[in-house]
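Novice: Please read through the structure below; I'll follow up with questions.
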Amino acid sequence: MQKNTVSFTPLAEIPLYVARLQASFRVGKTRSLEWRIQQLKQVKNMLQENEPAFTTALCLDLKKSPQEAWLSEIGFVISDVDHTLQHIHKWCQPRKVSTPLFAQPAKSYSLAEPLGTVLIIGAWNYPVQLVLAPLIAAIAAGNCAVIKPSEVAEHTASLLAELLPHYLDMACFQLISGAVEETTELLKQAFDHIFYTGGERVAKVIMRAAAEHLTPVTLELGGKSPCIVDRQTNLDVTASRIVWSKWMNAGQTCVAPDYILVEESFASELIQAIKLKIEAFYGQSPESSPDYGRIINLHHFDRLVGYLEKENVVYGGQLNRQTKYLSPTIVLAEKNQSSIMQEEIFGPILLIQTLKVRHDAIAVVNSKPKPLALYLYTNDPAFEDEVLQQTSSGSVGINDGMLFMANPNLPFGGVGKSGMGCYHGQTGFNTFSHIKTVMKRKFLFDVALRYPPFSRFKLSILKKLL
Ligand code: NAD
């Protein structure tokens, strides 16, 4: 068994590390495209050369299967590097725009410049992806970065702490190992951007600390992601996609469907289809399936079991506290007001709330904070349009679950309480850049219309030009 050998970073060293990175940024170490490309390749090398170690760490933390570890973490980040390497030249080019007549002759363009030294704070559920994907964007944009993985996924955090110094230019990057105390010390430093992934409570701590230095923040949060299932759907494919997206990583996914909204008269058919898929994917006893994960720790395990004690469990509910196993579970949520319908589940419990008519789903979604993702399964374009127009969410998945995350051409982020700012692909590059405006004029044609002394004649000409 891999041992968690990396100890937390001493508090007194944290300001020194940040100062070292800031000094490297000031002398321009991160500016050249060659340096950025080399660092990006090193992230990929680290993952490729240590794939078995990452797979083991993810298994020890969350019992992720090697396939899941590859799809959602290691391979995900490698393809993010590849996409970035493919497009970085274009992203760094000046973006030319036209110049209005009154400012002619001139050239107008914007230029992406790095922000400086940024802080990346990760969460535990996808402990590789959630620190390395923002790091790739930060590197591509030419920043120095402090990386603070979640201490909760301890094996992965230790592995990252051990490996990163062997691959990255340590004048420009620093991993801080630690929990609340270390993050609190980090937050006292003046960063140029803070990129935080995690829950709402800590997000407020981050934002308050950032306000002290007027540091901009990206907050990648969570919440209750609804899944509306219309009876006009392909039931078999719908059930497969719901089960895949809900029980991957034992439901510990920020964009997993949290609750299903379905017409009363179609609910039992849907529940039956979901049960059949659970058994097809994980067998009669998911506890012995190599593909089914475990809850990260006892705190979260007890929180999830707490829900079941008060609710109407219609499927599953088997558990083993010693191994932190909680089987795929379905709960009939009778009232929209019940506590289970207010809090994010973030575990393998799928809620079903029934409706008289499908249109009622919109009111239920709108009665809660804006979610990170909304899913809709339907073959009816009119209903699809109605849901898209009348709800707000970070992302929408129509007829599939969370696949949109794998498209680097789409921004990923929340809205309202599910977060602010976004990343992935060029959006991530922009998040870690300042888009600087440049207008270049010549000294010719210095028309005096805008200069005092003003006159009615000048004003009449200006009114025609502007
Ligand atoms: P967590 O416990 O790992 O905390 C996140 C980070 O905050 C950690 O690095 C931790 O050390 C730090 N932290 C914790 N308490 C702190 C404090 N008091 N002061 C400063 N820093 C502190 O993760 P979590 O909060 O349990 O994450 C789960 C939440 O994250 C869920 O709501 C989930 O939906 C959301 N999430 C969102 C995304 C996304 O991409 N939008 C991805 C994953 C998780």
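The values are calculated or read from the model by the stated rules, or taken from the named source; none is laboratory data. What you see is a predicted model, and the numbers here were worked out from it, not measured in a lab. Every residue, glycine among them, receives a Cβ derived from its backbone with ideal geometry; neighbour counts consider all protein chains shown. Surface areas here come from the heavy atoms of the whole protein model, side chains and all, with no ligands, DNA or RNA. Shrake-Rupley method; radii C 1.70, N 1.55, O 1.52, S 1.80 Å.
Novice: Would you tally the residues in the range 220-244 being of a type in the set (D, E, K, R), outside any loop (DSSP other than H, G, I, E, B) and open to solvent by 20 Å² or more (accessible area, probe 1.4 Å)?
Specialist: To start, the set of residues in the range 220-244 that are of a type in the set (D, E, K, R) comprises 220, 224, 230-231, 236, 241.
Filter once more, keeping what is outside any loop (DSSP other than H, G, I, E, B): 220, 236, 241.
From what's left, open to solvent by 20 Å² or more (accessible area, probe 1.4 Å): 236, 241.
Qualifying residue count, the range 220-244: 2.
Novice: Further, regarding this structure: Kindly evaluate Phe76 against the criterion of being more than 26 Å from Ala23 (Cβ to Cβ), surrounded by fewer than 23 Cβ atoms within 10 Å (Cβ to Cβ) and within 16 Å of the ligand (Cβ to nearest atom).
Specialist: Against the criterion (more than 26 Å from Ala23 (Cβ to Cβ), surrounded by fewer than 23 Cβ atoms within 10 Å (Cβ to Cβ) and within 16 Å of the ligand (Cβ to nearest atom)), Phe76 qualifies.
Novice: Still on this model: Take Val131 and decide whether it is within 16 Å of the ligand (Cβ to nearest atom), on the phi < 0 side of the Ramachandran plot, assigned by TED's automatic domain parsing to the domain that holds His155 and not acidic (Asp, Glu).
Specialist: Numbers: within 16 Å of the ligand (Cβ to nearest atom): yes; on the phi < 0 side of the Ramachandran plot: yes; assigned by TED's automatic domain parsing to the domain that holds His155: yes; not acidic (Asp, Glu): yes.
Yes.
Novice: Please tell me if Lys324 is farther than 26 Å from Ser393 by Cβ, within 16 Å of the ligand (Cβ to nearest atom) and open to solvent by 30 Å² or more (accessible area, probe 1.4 Å). Break it down stepwise before answering.
Specialist: On the way: farther than 26 Å from Ser393 by Cβ: yes; within 16 Å of the ligand (Cβ to nearest atom): yes; open to solvent by 30 Å² or more (accessible area, probe 1.4 Å): yes.
Taking the combined requirement at face value, the residue satisfies it.
Novice: Tell me, please, whether a residue that is within 14 Å of the ligand (Cβ to nearest atom) and in contact (Cβ under 8 Å) with a residue 24 or more places away in the chain can be found in the range 105-119. Outline the logic, then answer.
Specialist: In the first step, residues of the range 105-119 are kept if they are within 14 Å of the ligand (Cβ to nearest atom); the result is 119.
Filter once more, so that each one left must be in contact (Cβ under 8 Å) with a residue 24 or more places away in the chain: 119.
Scanning the range 105-119 turns up at least one residue that is within 14 Å of the ligand (Cβ to nearest atom) and in contact (Cβ under 8 Å) with a residue 24 or more places away in the chain.
Novice: Determine whether Pro257 is open to solvent by 60 Å² or more (accessible area, probe 1.4 Å), touching a residue at least 60 places away in the same chain (Cβ under 8 Å) and not in a helix (DSSP H, G or I).
Specialist: On the way: open to solvent by 60 Å² or more (accessible area, probe 1.4 Å): no; touching a residue at least 60 places away in the same chain (Cβ under 8 Å): yes; not in a helix (DSSP H, G or I): yes.
For Pro257, the condition - open to solvent by 60 Å² or more (accessible area, probe 1.4 Å), touching a residue at least 60 places away in the same chain (Cβ under 8 Å) and not in a helix (DSSP H, G or I) - is not met.
Novice: Could you list, ordered by first residue, the pairs with Cβ atoms under 7 Å in which the first is in the range 313-328 and charged (D, E, K, R) and the second is open to solvent by 60 Å² or more (accessible area, probe 1.4 Å), at least 6 apart or interchain?
Specialist: Pairs that qualify, where the first residue is charged (D, E, K, R) and the partner is open to solvent by 60 Å² or more (accessible area, probe 1.4 Å), are Lys324/Leu298.
Novice: Just name the residue that is surrounded by the fewest Cβ atoms within 10 Å (Cβ to Cβ) out of those in the range 278-307 that are acidic (Asp, Glu) and farther than 22 Å from Val229 by Cβ. Steps first, please.
Specialist: Pass one, the range 278-307, residues acidic (Asp, Glu): 279, 287, 291, 302.
If we keep only those that are farther than 22 Å from Val229 by Cβ too, we end up with 287, 291, 302.
Numbers: Glu287: 16, Asp291: 16, Asp302: 12.
Here the residue is Asp302.
Novice: While we're looking at this one, here's another question. Does Lys275 qualify as being assigned by TED's automatic domain parsing to the domain that holds Ala382, open to solvent by 20 Å² or more (accessible area, probe 1.4 Å) and at pLDDT 95 or above?
Specialist: On the way: assigned by TED's automatic domain parsing to the domain that holds Ala382: yes; open to solvent by 20 Å² or more (accessible area, probe 1.4 Å): yes; at pLDDT 95 or above: yes.
Here the answer is yes, as Lys275 does meet what is asked.
Novice: How many residues does the range 73-94 hold that are in contact (Cβ under 8 Å) with a residue 40 or more places away in the chain and over 19 Å from the mean Cα position of the chain (by Cα)?
Specialist: 7
Novice: Taking the range 176-204 on its own, how many of its residues are farther than 25 Å from Val255 by Cα, more than 7 Å from the ligand (Cβ to nearest atom) and open to solvent by 40 Å² or more (accessible area, probe 1.4 Å)?
Specialist: 4
Novice: Taking the conditions exactly as written (surrounded by fewer than 18 Cβ atoms within 10 Å (Cβ to Cβ) and of a type in the set (Val, Ile, Thr)), does Val217 satisfy them or not? Even if it seems obvious, please write down each step before you answer.
Specialist: Details: surrounded by fewer than 18 Cβ atoms within 10 Å (Cβ to Cβ): no; of a type in the set (Val, Ile, Thr): yes.
No: the conditions fail for Val217.
Novice: Right, next: Within the range 6-27, identify whether any single residue is modelled with pLDDT under 95 and either small (Gly, Ala, Ser) or farther than 30 Å from Asp446 by Cα (or both), and answer yes or no. Spell out the reasoning first.
Specialist: Keep residues of the range 6-27 that are modelled with pLDDT under 95, which gives 6-7.
Pick out the ones that are also either small (Gly, Ala, Ser) or farther than 30 Å from Asp446 by Cα (or both) and you get 6-7.
Scanning the range 6-27, I find at least one residue that is modelled with pLDDT under 95 and either small (Gly, Ala, Ser) or farther than 30 Å from Asp446 by Cα (or both), so the answer is yes.
Novice: Condition first: closer than 27 Å to Thr233 by Cβ, open to solvent by 50 Å² or more (accessible area, probe 1.4 Å) and outside any strand (DSSP E or B). Can you find one or more residues in the range 337-348 that meet it?
Specialist: First, the residues of the range 337-348 that are closer than 27 Å to Thr233 by Cβ: 338, 340-341, 344-348.
Retained after the next criterion (residues that are open to solvent by 50 Å² or more (accessible area, probe 1.4 Å)): 344.
Filter again for outside any strand (DSSP E or B), leaving 344.
Yes, the conditions are met somewhere in the range 337-348.
Novice: Quick one: which helices (runs of 4 or more DSSP H) sit completely within the range 352-466 and have at least 1 residues that are open to solvent by 70 Å² or more (accessible area, probe 1.4 Å) and free of Cβ contacts under 8 Å to residues at least 60 places away in the same chain?
Specialist: Values: elements: 360-366, 381-390, 425-431, 456-465.
Helices (runs of 4 or more DSSP H) meeting the threshold: 360-366, 381-390, 456-465.
Novice: Another one. Going through Leu101, Leu85 one at a time, which residue ends up being aliphatic (A, V, I, L, M), at pLDDT below 95, open to solvent by 30 Å² or more (accessible area, probe 1.4 Å) and touching a Leu at 6+ places or on another chain (Cβ under 8 Å)?
Specialist: None of the others qualify; the one that does is Leu101.
Novice: Taking the range 218-246, which residues are closer than 28 Å to Pro66 by Cβ, touching a Phe, Trp or Tyr at 6+ places or on another chain (Cβ under 9 Å) and away from the ligand (no atom under 16 Å from the Cβ)?
Specialist: Val237, Thr238, Ser240, Arg241, Ile242, Val243, Trp244
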